[in-house]
1. Go through segment A:61-80 and report how many residues are crowded, with 21+ Cβ neighbours inside 10 Å and either in contact (Cβ under 8 Å) with a residue 60 or more places away in the chain or aliphatic (A, V, I, L, M) (or both).
2. For segment A:160-243, give me every one of the helices (runs of 4 or more DSSP H) that falls completely inside it and has 2 or more residues that are more than 12 Å from the chain's Cα centre (by Cα) and closer than 29 Å to A:L323 by Cβ.
3. Quick one: which of A:Q214, A:Q194 is buried (at least 17 other Cβ atoms within 10 Å of the Cβ), free of Cβ contacts under 8 Å to residues at least 60 places away in the same chain and closer than 30 Å to A:P152 by Cα?
4. Within segment B:222-238, restricting attention to residues that are buried (at least 17 other Cβ atoms within 10 Å of the Cβ) and outside any helix (DSSP H, G or I), which residue is modelled with the lowest pLDDT?
5. Considering segment A:45-59 alone, what residues qualify as being within 12 Å of another protein chain (Cβ to nearest Cβ), surrounded by 15 or more Cβ atoms within 10 Å (Cβ to Cβ) and not basic (K, R)?
6. Which one of B:F261, B:F213, B:F241 is among the aromatic types (F, W, Y), under 30 Å from B:P126 (Cβ atoms) and modelled with pLDDT under 90?
7. Please state which one of A:E279, A:E329 is assigned to a loop (DSSP other than H, G, I, E, B) and under 27 Å from the mean Cα position of the chain (by Cα).
8. Going residue by residue through segment A:160-180, is there one that turns out to be more than 30 Å from A:E17 (Cα to Cα) and among the hydroxyl-bearing types (S, T, Y)?
Amino acid sequence: MGRITLDKVRKAFGEVEVIPPLDLTIEDGEFVVFVGPSGCGKSTLLRLIAGLEDVSGGEIRIDGQDATMVPPAKRGLAMVFQSYALYPHMSVRKNIAFPLRMAGMDAAEQERRVKSAADVLNLTDYLDRRPGQLSGGQRQRVAIGRAIVREPAAFLFDEPLSNLDAALRVGMRLEISELHKRLNTTMIYVTHDQVEAMTMADKIVVLRAGHIEQVGSPLELYRTPRNLFVAGFIGSPKMNLIGGAVASAHDAATIGIRPEHIRVSDEAGDWTGTVGVSEHLGSDTFFHVNCEGIPDPLTVRVGGEVDLHYGDRIHLSPDPEHLHRFDAEGLRLP
Amino acid sequence: MARAVTTQRKALNTALAWLVGLVIFFPILWTILTSFKTEAEAIANPPIILFFDWTLENYGVVQERSNYVRFLWNSVIIAGGSTLLGILIAIPAAWSMAFVPSRRTKDILLWMLSTKMLPAVGVLYPIYLLCIQLGVLDNRIALVVILMLINLPIIVWMLYTYFKEIPGEILEAARMDGAGLKEELLYVLTPMAVPGIASTILLNFILAWNEAFWTLNLTSVDAAPLTAFIASYSSPEGLFFAKLSAASTMAIAPILILGWFSQKQLVRGLTFGAVK
């Protein structure tokens, strides 16, 4: 079981309040991602849950039990750190067995569990090596192995993939998702990468300056961002946000339209502009189009290869079904 | 940018380095040589450096006159005991300063170090009286405690700089893995800091071994270490340089050998933190 409840949890460092009172419930078995720009308090929030930082106010409950004052060792949570934080003087085997040894488990059971974790993570051939002799991806697996052997109530991941190269990152992303499906244990995952958030999460918590901006499934956030911040943060490439007269025409202070929701035409459309730089990905092409009456260039996503060139004159029309409207405060209009 | 160094220049630098090394080492070399001379040769003018009748006579006399082994044993107990006790106190102290610093940690560190700048003689009188009152004058355990306290600031400071190099996340990982404070120190921090702890132990052992002010003032017979052994040869019967040299050589030999074999550790320990 791993249901985690934060009740008016607050954190201040001296005079500076990094997390104002915040409520959040993470259901058992859920994969929750905390996402936000750097300095938004997502790591601090994770460390509060882990017990590595003391809360300044409020209550943390794990499976209904008040854990606010419980030391990290006794919370039954496992954590995977960005730097892996492996014990450099111990072999992989000893690293993975360490939490079991701390729990006073007998040697035979320790060995059995280490073996099975190593099997799952393809580490069997490396058990006698030291962390220094492993690649980044292997080290990350050892860190995950050390977390899974204990069968914790929940896993906490603190930007675990940010030290890996892009290709490895995609692979590990799948492995962690796979692990979650298999273990069905609560996972809380911190990242600044919205692609990781979108691809892995059951539920995303978008944070800014310690505040929760929105909580929801990846598609909820994509389809109905509650405010301009979430609208701009979720989705890649970013949503086009347009103010001024163009927005007023739709009775809003700002309108937002995702690059994939703009139709391109040679003949007619709502907006007219010239093609600027284009990015060809093969599967998709992103055009940056300078439109009349719109200060910033719009990003347009078109499937496959399209025969448009720098300087071509085109017409664009936003898909009205996918047009997002925001008021002067940046909040979503119905 | 690499600088071009000519062979000539290299040779010159090497010769210069050897010269400086020799000048620094000369007093010790002279002492060792003198210990193999007769008393007459020892005070000959102009001095004889190498061409004399080598003799072991002085060592025989010194061994006959005083019980070297007893002094040696006292030195081992006092230096070893104070080092061991110091390290046991310093590891948790340095841990807390490095990993859970408070607002005053830096001040405390500086204040601790400042006590090393106090002239020892300033507190000789009170400590001497205290030893008499407690009945621990000429007592090995008292010296172990006093030398431990004297060197503690340096041990804490050295360990602190070592511990600062260890990433805090690893200790946090240990905490998440269920390690209490004791396990964290025992299974994670200490093994990771072994090189640092080793050079701290070594340096402290040498400092305690060579400590003469307190050992000379607070011991007479029972607890007297090798420093007192040397001092006893600057005798009132007139100066016997050859015998004094023999005694000195015997007193410094153990620490010199220890230092020789642990040069690498020692250099690393002394220069640690200098290059970051």
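1. 8
2. Those helices (runs of 4 or more DSSP H) span A:218-223, A:228-233.
3. None of the other options fit; the residue is A:Q214.
4. Only one residue fits best here, namely B:Y233.
5. Once the filter is applied, which keeps residues that are within 12 Å of another protein chain (Cβ to nearest Cβ), surrounded by 15 or more Cβ atoms within 10 Å (Cβ to Cβ) and not basic (K, R), segment A:45-59 yields A:L46, A:I49, A:A50, A:G51, A:L52, A:E53.
6. B:F213
7. It is A:E329.
8. Looking for residues that are more than 30 Å from A:E17 (Cα to Cα) and among the hydroxyl-bearing types (S, T, Y), one finds at least one in segment A:160-180, hence yes.
The values are calculated or read from the model by the stated rules, or taken from the named source; none is laboratory data. Keep in mind it's a predicted model, so treat the numbers as computed, not measured. As a convention, Cβ positions derive from the backbone with ideal geometry for all residues, glycine included, and neighbour counts pool all protein chains shown.
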